[in-house]
Amino acid sequence: MADLLSVRGLEVEFVTDQGVARVLDRISLRIAPGEVVGLVGESGCGKTTLARSILGILPMGAARVRGGEIQFKGRDLLREDPRVVNEEVRGRAITVIPQDPFTSFNPLFTVGAQVMDLMKWKSPHRAVAARTQRRWPAVLHRYPRTRYRADRAAVLEALRAVHLPEPERALGRLPHEFSGGQRQRLMIAMALLPRPDLVIADEPTTALDVTIQAQILRLLRQLVKERGVSVLFTTHDLGTAYEICDRVVVMYAGQEMEAAPTGVFFDRPAHPYTRRLLESLPSPGGEIRDIPGEVPSLIAPPSGCRFHPRCDYATTECRADRPAERAVGGQHRVHCFHPLGSA
Amino acid sequence: MTETPARYGPPPLLELRELARHFPIRNAFGRRIGWLRAVDGVSLDVWPGETLGLVGESGCGKSTLGKTVMGIFTPTAGEIRFLGEQIGRLRGAARRRVAKHLQYVYQDPGASLDPRWKIRRLLHEPLIIHTTLPRAERETEVQTILRAVGLPGAHLDLYPHELSGGQQRRVGLARILTLHPRLVILDEPTSGLDVSVQASVLKLFRSLQSTFALTYLFISHDLAVVRMMCQRVAVMYLGRIVELADTTALFQTPRHPYTQSLLAAVPQIGGRRVTQEFALEGEPPSPRQMPSGCRFRTRCPIAVARCAAEEPALREIAGQQVACHLA
Amino acid sequence: MVSGAWFVLTRLCRDRSAMIGLILILALVLCALLAPVLATHPDDLFELHPAKRLRAPSAEHLMGTDRMGSDIYSRLLFGARITILIGIIAVGASLVIGVPIGLLAGYYHSWVSDLLMRVSDIFLAVPQVVLAIAIAQTLGPSLPNVILALSVTYWPWFARLVYAETRSLQNEVFVESTAALGASPFRLVVLHVLPSIASPIIVRASIGMGFTILTAAALGFLGLGPPPPTPEWGRTIAESREFLPDAWWYALAPGLAIFLTVMGFNLLGDGLRDVLDPRLRRDRGRG
Amino acid sequence: MRILALLLRRLAWFIPTLLGLLAITFVISRVIPGDPVALIAGDTATPAQVEALRRQLGLDRPLPVQFVTYVTQLVRGDMGTSLYTTRPIADDLASRLPATIELTLAAMAFSILIGIPLGVVSALWRNSVLDHVLRVITVSGLAIASFWLGIMLQLLFAMRLGWTPLNGRLQGFPPTTVTGLYLVDSVLAWDWTAFSMALTHLALPAATLAFPALATLVRFTRAGVLDVMQSNSVLYEHAMGLPRSVIVWKYILRNALTSTVTQIGLLFGILLAGAVVTETVFDWPGIGTYAVNSIIRSDYNGVMGFTVWAGAIFMIVNVLVDIAQGFIDPRARPS
């Protein structure tokens, strides 16, 4: 199957007070239509930066894309006119479920106003505006009556689909009147309303309690599978990735380590980092196994494989070069000179 | 308490009896219109040397409980007995003296360091407050503690921001341990941490516990961590303890429906998928408007009429304490 | 502490506008200290030269002469002394009154703290100039009275600031945890809270200098400042009005002097805010 | 409902604050040396005459009694008689209030309408040439003495260029009084000559008064916008591809305004204070010049009257600002 999204050799740098941080080091990623891909890694590994690069919302000035490409449905997102991407891709073909449902709504507008504003610009019923049509600033544009009615009906339908109680009244409320779980339901509804091909969910359940997290995960998985939407799901919680993903990609310090179908990934991890990560999960009554050392600074990262200073199997080779991708099974690929289980 | 004290020889270190902490709810005019019953009648014993887990979701009152024991909040009702002494009603200097033996570890111990002070001064401070040791002896003590948490002595001359997050955390712990407290309350010590860091932190807690003969009250929302660290676990829901039992028993045979749902919600790698099985609907009601009777009945899958009429008390079932009519 | 001051200074040097502020203030201080040396006609402070009145700027009188024939440039230099004196004493007194009140009211949560804040609110309920005018007027126009009037009306600003900062600092983990460690309120306030809120206080003091000098000039302009022949800048401007538009230099020079002085303190205050208070750091490089 | 509660709460504080203010001014104006009675009686008066006058004015009674008397009179709308004009203070002030209101409102409107958009633009194009120019202007605005600025404007526009009158509020007869604001009244009377005359008279004092307020607003709006631009909600709006102008002028602006509006309340205090000085410079017949004249003539009733009015106006404006805040920020909770 042709890829929906394919990221190749993406390199991103951040300019900070201390120096230039190489946040993404030649990252590649593919997502097939209808596939739920988990992007797993510890904080600072670059998963959020990757998600934002795909969306094209890296902070201007501080972040620099040094190389690589992002192909989405045959268009090159990095090189296309940013205004066209904003009009046609962002919020339409690719939508987001943000990390923090508490702060991602604008606190001063009712939920209805924000949902309808999204629909005003991103409704599937709205024709993509040709650039020449734009004479007035968008903020002055009218919302056509007939489309408003149709969109509002679609919104109510979507709110019912995410099991939000009293959808009609909910639209008139302010964000702070909802609980975290309800807000995340709203966010899911908003992410699916424009009928996207890809949803980028950036740690969407991190801020929630376990019982609520379980509800949200169940809801999300059910909805995306029903609609055949692809999802890029970033998380630092391996349990969450296990629950929802078809395939898992592990990142460490800006480099890709391993990618495998979920079952294979948790059963037979091939990368030493993945293995140590899984071992450091709490086990009932058992001994605690951590990974010695700390995550390296991205301003002066280790040479070669960035995990080598903490790796039990590291050799001179690992210090010198970054391992190329190698396949250890059908869809199971690993960036390591000494993959486990192969020797 | 019917819990088996015989297993531990000495009397409990900490005893809570019907402890409550309510916060006033005020309307727009500043008039009190009700009470937020954050902690509402909790009885609990902590035995020397054990690690007691206190789990629950956000808003269940577990942090308020910890802070009330610590004296950051004053109790609305009930008793706190620590080392045999009533400390709930102590004020001022008398209350502050208790801190020598009872310490509190914040979610991020690194954030508990004054950014304008050097590590040495920060580590001397607790000894200055609670002891009359001369400077040289304090310095020896500080050096010992620093080694115990695994930091080089050279760090004493640095400011907190010059250390990594993990090192700051260790300094934060060292600061508390210089006093050799008997009981340490750990408030969400692993929340927001990556698993590998979490593992290091837990490892450190364990080694410090054996080195300094510490007793932990381990407050957390993470059941997997609690299961690994604690001998006994108390589950809180809306200000009350709904189940209290030995860890193995609680995780193998959870008796309260809430405990059961909580366990079912945790993803189990390699096991069943929560997304396919988890059944608990709805969200906890606001602690401002507590349901009548059993607080869990609004979400409980097996609730009956009696649950709305009568609030269940903790009772013992096969060595586990459960607050449920139907357990 | 020394390294801290050095750090602040080096950071300030990188901030262009703060540097300008610092230079302006240094220039002012130099003018005040070296007034007798720099002045071309130091005697004109007290002497009258009716024959030379209202001369336009020239080589002899750099900024012209006033209605009494005195050299405006020389009088301005001596005026700088008064300006600095007013600013430092008034702001210093406001600090001494306002900071302890703000700390007490902020640290303790009781009706006393509410009362203290209410009192300062009442002072803030009237524009400062209005209250200062009322006070200066009843006391009579003189230098000490101007300073008194400014101090009495400016302290609530410090009280408010310190109160707000102390309250927000109480939510900081390091303050709460130090209290949990068993530290006494005195130790907590003096050793932890006060050093932590020093930065905003310093910033406010710098901006307060500018503000106080501006108000003092307004009082002088209204005839409530130190009486003649004190070379007060505000009154000089008031004097000049009847000779406009011909003697334009008469009004221009003291006005510029006030402007540059206040500008100096404001720029320095802004720069210090950027350096000392990372929360309010101006956008640099960040997206 | 929230807004109503907020309003009532603010009003509940209104009276005590006003009383406190009265007490402070009262003490200042009576306890501190300087004998107004001797001043009124004149140099030739005998001590007995002075005493008689003192008794007549009620100034011989104990201070608390005087204060209570003053407050009870004030409640009945009696602010005492001007020792100078011998007219009731309340009448004097009431006749002069419209002039001050017209001036401050004009300055306020000017600084809001110009300052807020400039602040937004400055934040959007930060570190651009425009931003730097605006920064210089705003820093100057806060450093310039308004009386000097007024004089310089007079020097340039009135004396040299002759574009505007030097001072005063109007030449000739004012339009039929409805509101007392000449601009409004002349429009109501369809009198465009009066309108343009009122406008040219107003231009310089209003500009003088508006400059520092404008500077403050630009700074606060800029800081507010920059702050909001970093927020998660704006990041989300960008991620969902909303048009930039919608994000900026709808979402960011409203959020930034919540802090700017609070500033407007405080700003009004600055304007009121500035009015005292500015009115003096431009001979504007408002309550500011009245206050200054009262001061010069040791007319403590006048000073008291002005202080009370100024304080009350300032507090009322701040209540209004709270209400506005309530509309902009629906979460606004009283605290």
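Using beta carbons and a limit of 8 Å, which pairs, at least six apart or on different chains, have the first residue in segment C:261-287 and under 17 Å from C:ALA205 (Cα atoms) and the second one at pLDDT below 75 and not in a helix (DSSP H, G or I)?
Hits for this filter: C:ASP274/C:ARG281; C:ASP274/C:ARG282.
For the subset of segment A:207-252 comprising residues that are surrounded by fewer than 24 Cβ atoms within 10 Å (Cβ to Cβ) and within 21 Å of A:GLY68 (Cβ to Cβ), which member is nearest to the chain's Cα centre (by Cα)?
A:SER230
Is it the case that segment D:140-161 has a residue that's of a type in the set (D, E, K, R), assigned to a helix (DSSP H, G or I) and assigned by TED's automatic domain parsing to the domain that holds D:THR278? Walk me through how you get there before you give the answer.
Filtering segment D:140-161 down to residues of a type in the set (D, E, K, R) leaves D:160.
If we keep only those that are assigned to a helix (DSSP H, G or I) too, we end up with D:160.
If we keep only those that are assigned by TED's automatic domain parsing to the domain that holds D:THR278 too, we end up with none.
Within segment D:140-161, not a single residue is of a type in the set (D, E, K, R), assigned to a helix (DSSP H, G or I) and assigned by TED's automatic domain parsing to the domain that holds D:THR278.
Could you check segment D:262-287 and list, in sequence order, the residues that are closer than 30 Å to A:VAL111 by Cβ and surrounded by 23 or more Cβ atoms within 10 Å (Cβ to Cβ)?
Hit for segment D:262-287 is D:ILE264, nothing else.
Please indicate, with yes or no, whether at least one residue in segment A:138-148 is touching a His at 6+ places or on another chain (Cβ under 7 Å) and away from chain C (no Cβ under 14 Å). Spell out how you get there, then give the answer.
Filtering segment A:138-148 for residues touching a His at 6+ places or on another chain (Cβ under 7 Å) gives A:147.
Now narrow it down to the ones that are away from chain C (no Cβ under 14 Å): A:147.
Scanning segment A:138-148, I find at least one residue that is touching a His at 6+ places or on another chain (Cβ under 7 Å) and away from chain C (no Cβ under 14 Å), so the answer is yes.
Can we say D:GLY241 is in contact with a strand residue (DSSP E or B) (Cβ under 8 Å, 6 or more places away or on another chain) and either buried (at least 23 other Cβ atoms within 10 Å of the Cβ) or touching a residue at least 24 places away in the same chain (Cβ under 8 Å) (or both)?
On the way: in contact with a strand residue (DSSP E or B) (Cβ under 8 Å, 6 or more places away or on another chain): yes; either buried (at least 23 other Cβ atoms within 10 Å of the Cβ) or touching a residue at least 24 places away in the same chain (Cβ under 8 Å) (or both): yes.
So D:GLY241 passes the test.
Within the bounds of segment C:195-205, is there any residue that is within 11 Å of chain D (Cβ to nearest Cβ) and assigned to a helix (DSSP H, G or I)? Step through it out loud before you land on a result.
Filtering segment C:195-205 down to residues within 11 Å of chain D (Cβ to nearest Cβ) leaves none.
Checked segment C:195-205: no residue is within 11 Å of chain D (Cβ to nearest Cβ) and assigned to a helix (DSSP H, G or I).
Quick check: is even one residue across segment B:228-243 within 8 Å of chain A (Cβ to nearest Cβ), among the polar types (S, T, N, Q) and not in a helix (DSSP H, G or I)?
Scanning segment B:228-243 turns up no residue that is within 8 Å of chain A (Cβ to nearest Cβ), among the polar types (S, T, N, Q) and not in a helix (DSSP H, G or I).
Yes/no matrix, rows are residues, columns are (1) touching a residue at least 40 places away in the same chain (Cβ under 8 Å); (2) touching a helix residue (DSSP H, G or I) at 6+ places or on another chain (Cβ under 6 Å); (3) within 11 Å of chain C (Cβ to nearest Cβ); (4) over 22 Å from B:PRO12 (Cα atoms):
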| position | (1), (2), (3), (4) |
| --- | --- |
| B:GLY61 | yes, no, no, yes |
| B:GLY66 | yes, no, yes, no |
| B:PRO75 | yes, yes, no, no |
| B:LEU83 | yes, no, no, no |
| B:GLY88 | yes, no, no, no |
| B:ARG97 | no, no, yes, no |
| B:HIS101 | yes, no, yes, no |
| B:TYR104 | yes, yes, yes, no |
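Suppose we filter A:ALA62, A:ALA21 for residues that are surrounded by fewer than 20 Cβ atoms within 10 Å (Cβ to Cβ) and of a type in the set (A, V, I, L, M); which single one remains? Lay out the reasoning, then the answer.
Numbers: A:ALA21 fails: surrounded by fewer than 20 Cβ atoms within 10 Å (Cβ to Cβ).
Answer to the selection: A:ALA62.
Tell me the helices (runs of 4 or more DSSP H) entirely within segment D:171-253 that contain at least 1 residues that are more than 14 Å from chain A (Cβ to nearest Cβ), closer than 30 Å to D:SER146 by Cβ and under 26 Å from the mean Cα position of the chain (by Cα).
On the way: elements: D:182-188, D:192-229, D:232-239.
Of the helices (runs of 4 or more DSSP H) lying wholly inside segment D:171-253, those with at least 1 residues that are more than 14 Å from chain A (Cβ to nearest Cβ), closer than 30 Å to D:SER146 by Cβ and under 26 Å from the mean Cα position of the chain (by Cα) span D:182-188, D:192-229.
Looking at segment B:254-270 only, could you name the residues that are surrounded by fewer than 20 Cβ atoms within 10 Å (Cβ to Cβ) and either within 9 Å of chain A (Cβ to nearest Cβ) or in contact (Cβ under 8 Å) with a residue 12 or more places away in the chain (or both)?
Listed by number, the residues that qualify are B:LEU263, B:ALA264, B:VAL266, B:GLN268, B:ILE269, B:GLY270.
So is A:SER104 in a loop (DSSP other than H, G, I, E, B) and at pLDDT 90 or above or not? Don't jump to the end; show me each part of the working.
Working: in a loop (DSSP other than H, G, I, E, B): yes; at pLDDT 90 or above: yes.
Spelling it out, A:SER104 is indeed in a loop (DSSP other than H, G, I, E, B) and at pLDDT 90 or above.
Where in segment A:190-275 are there helices (runs of 4 or more DSSP H), lying fully within it, with 2 or more residues that are closer than 19 Å to A:HIS163 by Cα, more than 11 Å from chain B (Cβ to nearest Cβ) and without any contact (Cβ under 8 Å) to a residue 40 or more places away in the chain?
Numbers: elements: A:210-227, A:238-244, A:262-267.
Helices (runs of 4 or more DSSP H) meeting the threshold: A:210-227.
Mind checking which helices (runs of 4 or more DSSP H) fall wholly inside segment C:1-118 and carry at least 1 residues that are within 30 Å of B:TRP117 (Cβ to Cβ) and of a type in the set (Val, Ile, Thr)?
Details: elements: C:2-14, C:16-33, C:35-38, C:72-107.
Result: C:2-14, C:72-107.
Determine, yes or no, whether C:ASN171 is on the phi < 0 side of the Ramachandran plot, surrounded by fewer than 23 Cβ atoms within 10 Å (Cβ to Cβ) and outside any helix (DSSP H, G or I). Working first, answer last.
On the way: on the phi < 0 side of the Ramachandran plot: yes; surrounded by fewer than 23 Cβ atoms within 10 Å (Cβ to Cβ): yes; outside any helix (DSSP H, G or I): yes.
Judged against the criteria, C:ASN171 is a match.
Provide a single number: the residues in segment D:288-327 that are crowded, with 22+ Cβ neighbours inside 10 Å, farther than 17 Å from D:VAL277 by Cα, small (Gly, Ala, Ser) and within 11 Å of another protein chain (Cβ to nearest Cβ).
0
Evaluate segment B:162-175: report whether one residue or more is in a loop (DSSP other than H, G, I, E, B), acidic (Asp, Glu) and modelled with pLDDT under 90. Steps first, please.
Of segment B:162-175, the ones in a loop (DSSP other than H, G, I, E, B) are B:163-164.
Retained after the next criterion (residues that are acidic (Asp, Glu)): none.
No - not one qualifying residue is present in segment B:162-175.
From the list C:ALA164, C:ALA159, C:ALA180, pick out the single residue that is among the small types (Gly, Ala, Ser), crowded, with 21+ Cβ neighbours inside 10 Å and within 30 Å of the chain's Cα centre (by Cα). Give the derivation first.
Values: C:ALA164 fails: crowded, with 21+ Cβ neighbours inside 10 Å; C:ALA180 fails: within 30 Å of the chain's Cα centre (by Cα).
Of C:ALA164, C:ALA159, C:ALA180, the one residue that is among the small types (Gly, Ala, Ser), crowded, with 21+ Cβ neighbours inside 10 Å and within 30 Å of the chain's Cα centre (by Cα) is C:ALA159.
Condition first: surrounded by fewer than 21 Cβ atoms within 10 Å (Cβ to Cβ), more than 27 Å from D:ARG244 (Cα to Cα) and not charged (D, E, K, R). Can you find one or more residues in segment A:42-55 that meet it?
yes
Among the listed residues D:VAL246, D:VAL234, D:VAL218, which satisfies the condition of being touching a Gly at 6+ places or on another chain (Cβ under 9 Å), among the hydrophobic types (A, V, I, L, M, F, W, C) and either under 16 Å from A:GLY91 (Cβ atoms) or crowded, with 24+ Cβ neighbours inside 10 Å (or both)? Before the answer, list the steps.
Details: D:VAL246 fails: touching a Gly at 6+ places or on another chain (Cβ under 9 Å); D:VAL234 fails: touching a Gly at 6+ places or on another chain (Cβ under 9 Å).
Of the residues listed, the single one that is touching a Gly at 6+ places or on another chain (Cβ under 9 Å), among the hydrophobic types (A, V, I, L, M, F, W, C) and either under 16 Å from A:GLY91 (Cβ atoms) or crowded, with 24+ Cβ neighbours inside 10 Å (or both) is D:VAL218.
Could you tell me which of the residues C:ARG53, C:ARG67, C:ARG118, C:ARG75 is buried (at least 24 other Cβ atoms within 10 Å of the Cβ) and of a type outside the set (Phe, Trp, Tyr)? Steps first, please.
Details: C:ARG53 fails: buried (at least 24 other Cβ atoms within 10 Å of the Cβ); C:ARG67 fails: buried (at least 24 other Cβ atoms within 10 Å of the Cβ); C:ARG118 fails: buried (at least 24 other Cβ atoms within 10 Å of the Cβ).
Result of the check over C:ARG53, C:ARG67, C:ARG118, C:ARG75: C:ARG75.
Any idea which of D:THR86, D:THR100 is out of contact with any Lys or Arg (no Cβ under 8 Å at 6 or more places or on another chain) and outside any helix (DSSP H, G or I)?
Values: D:THR100 fails: outside any helix (DSSP H, G or I).
Of D:THR86, D:THR100, the one residue that is out of contact with any Lys or Arg (no Cβ under 8 Å at 6 or more places or on another chain) and outside any helix (DSSP H, G or I) is D:THR86.
Suppose we keep only residues that are in contact with a helix residue (DSSP H, G or I) (Cβ under 8 Å, 6 or more places away or on another chain) and surrounded by fewer than 16 Cβ atoms within 10 Å (Cβ to Cβ) within segment D:1-12. Which one would you say is modelled with the lowest pLDDT? Please lay out each step first, then the result.
Restricting attention to segment D:1-12, the residues satisfying the condition of being in contact with a helix residue (DSSP H, G or I) (Cβ under 8 Å, 6 or more places away or on another chain) are D:2-3, D:6-7, D:10-11.
Subset that is surrounded by fewer than 16 Cβ atoms within 10 Å (Cβ to Cβ): D:2, D:11.
Details: D:ARG2: 61, D:LEU11: 75.
My answer is D:ARG2.
Considering each of D:LEU83, D:LEU74 in turn, give the residue that is surrounded by 17 or more Cβ atoms within 10 Å (Cβ to Cβ), in contact with an Asp or Glu (Cβ under 6 Å, 6 or more places away or on another chain) and touching a residue at least 40 places away in the same chain (Cβ under 8 Å). I'd like the intermediate steps shown before the answer.
Values: D:LEU74 fails: in contact with an Asp or Glu (Cβ under 6 Å, 6 or more places away or on another chain).
Residue meeting the stated conditions: D:LEU83.
Given D:LEU155, D:LEU204, D:LEU161, which one is modelled with pLDDT of 80 or more and closer than 17 Å to D:ALA107 by Cβ? First the steps, then the outcome.
Working: D:LEU155 fails: closer than 17 Å to D:ALA107 by Cβ; D:LEU161 fails: closer than 17 Å to D:ALA107 by Cβ.
Within the list D:LEU155, D:LEU204, D:LEU161, the selection yields D:LEU204.
Would you confirm, using the coordinates I've provided, whether C:ILE201 is over 20 Å from D:LEU153 (Cα atoms) and either touching a residue at least 12 places away in the same chain (Cβ under 8 Å) or in contact with a strand residue (DSSP E or B) (Cβ under 6 Å, 6 or more places away or on another chain) (or both)? Quick ask: steps written out before the conclusion?
Working: over 20 Å from D:LEU153 (Cα atoms): yes; either touching a residue at least 12 places away in the same chain (Cβ under 8 Å) or in contact with a strand residue (DSSP E or B) (Cβ under 6 Å, 6 or more places away or on another chain) (or both): yes.
Spelling it out, C:ILE201 is indeed over 20 Å from D:LEU153 (Cα atoms) and either touching a residue at least 12 places away in the same chain (Cβ under 8 Å) or in contact with a strand residue (DSSP E or B) (Cβ under 6 Å, 6 or more places away or on another chain) (or both).
The values are calculated or read from the model by the stated rules, or taken from the named source; none is laboratory data. Fair warning: this is a prediction, and the values are worked out from it, not measured in the lab. Methodologically, a virtual Cβ is constructed for each residue, glycine included, from the backbone with ideal geometry; neighbour enumeration extends over all protein chains shown.
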